[in-house]
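The values are calculated or read from the model by the stated rules, or taken from the named source; none is laboratory data. Values in this document were obtained by computation on a predicted structure and should not be read as measured data. Neighbour counts are summed over all protein chains in view; Cβ atoms, including those assigned to glycine, are modelled from backbone coordinates with ideal geometry. Keep in mind that these areas ignore ligands, DNA and RNA; they rest on the heavy atoms of the full protein, side chains included. Shrake-Rupley method; radii C 1.70, N 1.55, O 1.52, S 1.80 Å.
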Amino acid sequence: MTDERLDHLIDEHLNGTMSDEARAELEERLLHSATDRARFWELAESHALLHEGLQGQRVEETVKPRAKVRSVWLQWRPIAAAAAGIALGMFGTSMVFAYVAPRMAKRVVLMREGFEAEVVRTVPGLPTETGMWSGDDAEVVDAAGDLKAKTGRKMLRFGSATHAGENAAKSAWCDVYRLVDLRGVAAADEMASLRLVANFVSTEVAKDEEYVCFVELCAVEEGVMPVVPPDNLPWYRENSAAMATRKLPLKGDEQWKAINVMMPMPPQAKYALVHVAVMRAKPARSAEPVKFGSHYVDDVKLELITPSGVR
């Protein structure tokens with residue numbers, strides 16, 4: 001007998017329309033029921049095949065096909081991933097199925113930034129080379145008063161929701177980026193994944209304002225990107241072989257909040273774009289770029305995770 005409630009929850013997740021309450025309910029069910037997990041993978045596989053078919057139809061209808069934005073489900077065969085039992089992060093958290101221990105996974109840190117060394121402030125725009133932080137106005141500051149850095153003594157403070165030369169007079173986003181070189185990483189297979197973790201905090205939020213923190217990870221394959229791409233975020237998103245995003249509210253309570261995403265590691269991935277940001281969600285409109293003097297990020301980490309025994 002079909003569980004209509006389960007199917008509804010899965011459908012909301014696959015279409016990106018679920019609430020936090022529904023996400024928590026689905027996570028709980030998948031964590032404790034092998035039957036529900038099997039149903040999830042069944043519907044996810046069908047969703048992926050349908051998505052692939054629709055994309056193929058759209059490409060055939062165009063005169064000049066462009067690179068497809070491929071779903072996470074097309075990059076990682078769901079049944080194989082379920083059998084491996086690795087942490088998928090498909091709900092924005094590192095969910096590990098109950099029958100698998102986290103220690104079974106091999107982890108390699110590709111990038112970890114605590115802002116303790118050379119970084120002083122961001123370079124305007126998207127990164128043009130690896131190993132640098134760029135984007136909107138942000139600067140490294142020392143911990144002060146009761147607010148302590150997540151690690152070490154320093155952290156990155158978000159400044160303005162724009163940078164010099166950017167045409168974003170009413171922007172509510174303060175975006176910071178880093179390009180990570182994946183070419184030295186051992187060739188991955190469909191069982192490997194990338195996990196991005198960042199820690200955010202805010203010290204004060206006005207009663208009439210609401211803020212969220214945001215992370216995004218984009219992986220671009222070798223054949224798509226022969227050189228470092230142009231200064232264009234939509235380009236990354238449109239040409240990503242895999243992509244994952246998540247956002248959470250910031251309460252202004254001076255409590256560090258970890259946010260993470262996880263996605264499959266495309267075998268031919270050449271670069272990963274790490275994107276961390278703070279956005280003012282309310283009020284949505286502004287006469288000028290929003291200022292973020294009390295919002296910080298620290299301890300940003302990118303890992304390659306491979307199930308034990310997979311090479």
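Out of the residues in region 240-258 meeting the condition of being assigned to a loop (DSSP other than H, G, I, E, B) and open to solvent by less than 50 Å² (accessible area, probe 1.4 Å), tell me which one is nearest to Lys148 (Cα to Cα).
That would be Gly252.
Which one is nearest to Leu248 (Cα to Cα), of the residues in region 17-62 that are modelled with pLDDT of 70 or more and not in a helix (DSSP H, G or I)?
Here the residue is Ser19.
Kindly provide the set of residues from region 259-280 that are open to solvent by 40 Å² or more (accessible area, probe 1.4 Å) and touching a Phe, Trp or Tyr at 6+ places or on another chain (Cβ under 8 Å), ordered by number.
Result: no residue meets the conditions.
For residues that are open to solvent by less than 30 Å² (accessible area, probe 1.4 Å) and not in a strand (DSSP E or B), tally how many sit in region 290-311.
Residues that pass the stated criteria total 3.
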